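Before any comments, here is the structure.
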Amino acid sequence: MGGAFRPKNEDSPRAKQRSAHSIVGGHGRRLRQTIIALVAGQELAEHESPGEATLQVLVGEVHLATAADSILLSAGESAVIPDERDSLAALEDCAVLLTAALASRLSWRRSRGVR
């Protein structure tokens, strides 16, 4: 990974609760890997699934939930993220690695019936 993970704007109030840093990916790339750090008790509220993706817990413990299911994950564990709305809550201070294979915007819209 080339160096220690350092969130941007470490002194801002929001950075003290959560931060994200893409380590692979960007404009025009289909694979994206993002490290997300959350303070215990913080969550990423329900949101659309990024598509085909996995979540690996690097440090701490998290709760990944969808309308139909939920799973507790601890450091070293990983899970496939279901292709539906989900949320992520930090049960302990944590860092997770989100790996997503991004479809083109047009493919994503078509898969959800959007014109």
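Couple of notes before you dig in:
- Residues of region 80-115 satisfying the condition of being touching a Phe, Trp or Tyr at 6+ places or on another chain (Cβ under 9 Å) and either surrounded by 15 or more Cβ atoms within 10 Å (Cβ to Cβ) or at pLDDT 80 or above (or both): ALA95, LEU102
- Residues in region 53-73 that are surrounded by 14 or more Cβ atoms within 10 Å (Cβ to Cβ) and farther than 18 Å from ALA95 by Cα: THR66 only.
- Within region 44-100, the set of residues being assigned to a strand (DSSP E or B) and among the hydroxyl-bearing types (Ser, Thr, Tyr) comprises THR54, THR66, SER70, SER74, SER78, SER87, THR99.
The values are calculated or read from the model by the stated rules, or taken from the named source; none is laboratory data. Note that this is a predicted model, so its numbers are computed, not measured. Neighbour counts run over all protein chains shown; Cβ positions are idealised from the backbone, glycine included.
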